[in-house]
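Written out below as structure tokens is the structure these notes cover.
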Amino acid sequence: MRKSVAPLLVIGALLGPLAPGVALAQPAAETQQLGSYVVQPGDTLWGIAAHFLKNPWEWPKIWHANPQIRNPNLIYPGDRIVLYRLPNGETAAEVIPLQPSLRVTAIPSYHTGIIMPFLHSPAIINSKKDYDRLPYLAAALHERPAYTAGDRVFVSGLRDVPVGTRYSIVRLGTVLHRLADPKPLGYSMINLGTAELLRSGSEAEIRITSARREIELGDRLVPISSSPTPHYFPSTPKEAVAAQIVAKMNNAEELTVGQVVVLDQGANAELQPGNVLEIADSARMSKNAVTGKNFPLPPEKIGTVMIFRVFPQVSYAVITSATRGIPLGANIYYPTSGPAKLRQEAQLTP
């Protein structure tokens, strides 16, 4: 028997089943079913939201108004999403779950394979002094220019550490700073590979278990986090945000969907994993067809990003949509107030 739909479940019901014992009001006779969709393996929460809603980040506005909805970020292959038009013209959706005994793994918010390399690596360090304090690869029985998986290396700085502890092998990367301010926000960390501790103490020794790049003596070690892969819930920031893309993770001249970027705002601006922001191009100048004078054009939305890892002053984000190539330095803003703010900053005149 199909559950009925309440007007407030426009998005919350889309995200998950109801708590046991919660009854919904019967839909009015004018309620019209628009269609349905069965969740497939390989789907993502983001992709389904983009299909049903214009702005996926609007989900929490409804979800938080419906506390009876439990586990709103978990839907599973086999669940059926039914879309309705209510008498007042609004769209509502519900999830009809597959029998729990048949469920496997919940679909992810986003394709985590894209961001996996950046989830558990150290990623950012505050200063060069902090980097210099990290344990480092000091010597090897057979010294050579570079080391790879299977090689054993002696380490300085690992005393009283349990054997078997796993580490990321890292190297100091580029300084991160706002484009108009050279003051460092932190330094990126290049993830070179992984290692396992074979022996601790004054003659500590590690075995390299994987190598993404050439590993050299002097490279540093950071313990690998054992935290599970997070499940992101698309949301808006708590406060209005104006940021920029200050770094990219590849050498492409322009960025596109699925690529990871660094923003110059983080936890200090109350950003959280799952926050979705829009990308705008810079204000451009044209000519007034009558007067010939400069005519400032408003910034245009060219894409969206979803934040997946937050540090005090910077954030890692993945580009979730793009209408064209996105340059380094592109403006990032809070979805509902960004365009107006950017127009004010551009001081547009008729």
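How far is the Cα center of the range 178-224 from the Cα center of the range 124-145, in Å? Each part's Cα centre sits 7 Å from the other's.
Specify whether the C-alpha gyration tensor of the range 213-284 places it in the rounded, prolate or oblate class, a ≥ b ≥ c being the square roots of the eigenvalues: rounded for a/c under 1.5, otherwise prolate if a/b is larger than b/c and oblate if not. Could you put the intermediate results ahead of the total?
Details: a/c = 2.15, a/b = 1.35, b/c = 1.60.
It comes out oblate by the Cα gyration axes.
Per-residue packing, averaged as other Cβ atoms within 10 Å, sorts the ranges 76-85, 288-297 into the order 76-85, 288-297, beginning with the highest. Above 17 Å, the calculated P(r) of the range 242-345 contains 51 percent of its Cα-Cα pairs. For G186, the residues whose modelled amide H falls within less than 5 Å of its own, excluding neighbours fewer than 5 places apart on the same chain, are L176.
Beyond a 30 Å Cα-Cα separation, which of these cross-linked pairs lie in this structure: K129/K248; K238/K301; K183/K248; K248/K293? The answer is K248/K293.
Using the Karplus relation 6.51 cos²θ - 1.76 cosθ + 1.60 with θ = phi - 60°, the per-residue 3J(HN,Hα) values for the range 31-41 come to 4, 10, 7, 9, x, 8, 9, 9, 5, 10, x Hz, with x marking Gly and Pro.
Converting phi to 3J(HN,Hα) with the Karplus coefficients 6.51, -1.76 and 1.60 and the offset θ = phi - 60°, the range 233-242 yields 10, x, 7, 8, x, 5, 10, 4, 10, 10 Hz in sequence order, with x at every glycine or proline.
Annotation: amide H of D79 within the under-5 Å range of V39, L98, sequence separation 5 or more or interchain, hydrogens built in the peptide plane. Our note on the geometry: Cα centres of the range 152-172 and the range 292-307, 48 Å apart.
Distant-in-sequence amide contacts of A330, defined by a placed amide H-H separation under 5 Å and a gap of 5 or more residues or a different chain, comprise I245. Among M189, M285, M249, M306, a tally of other beta-carbon atoms within 10 Å of each Cβ gives an order, fewest to most, of M285, M249, M189, M306. Per-residue Karplus couplings for the range 263-273, computed as 6.51 cos²θ - 1.76 cosθ + 1.60 with θ equal to phi - 60°, are listed in order as 9, 8, 9, x, 4, 4, 9, 6, 6, 9, x Hz, Gly and Pro entered as x. Considering only DSSP states other than H, G, I, E and B, which GluC sites (Glu not before Pro) in the range 220-319 qualify as loop sites with at most 11 other Cβ atoms within 10 Å? Of the GluC sites (Glu not before Pro), the ones in loops of the range 220-319 whose Cβ has at most 11 other Cβ atoms within 10 Å are E239, E253.
No value in this document is a laboratory result; all are computed from the given coordinates. This is a predicted model, so every value here is computed, not measured. Cβ sites come from the backbone with ideal geometry, for glycine too, and all protein chains shown count toward neighbours.
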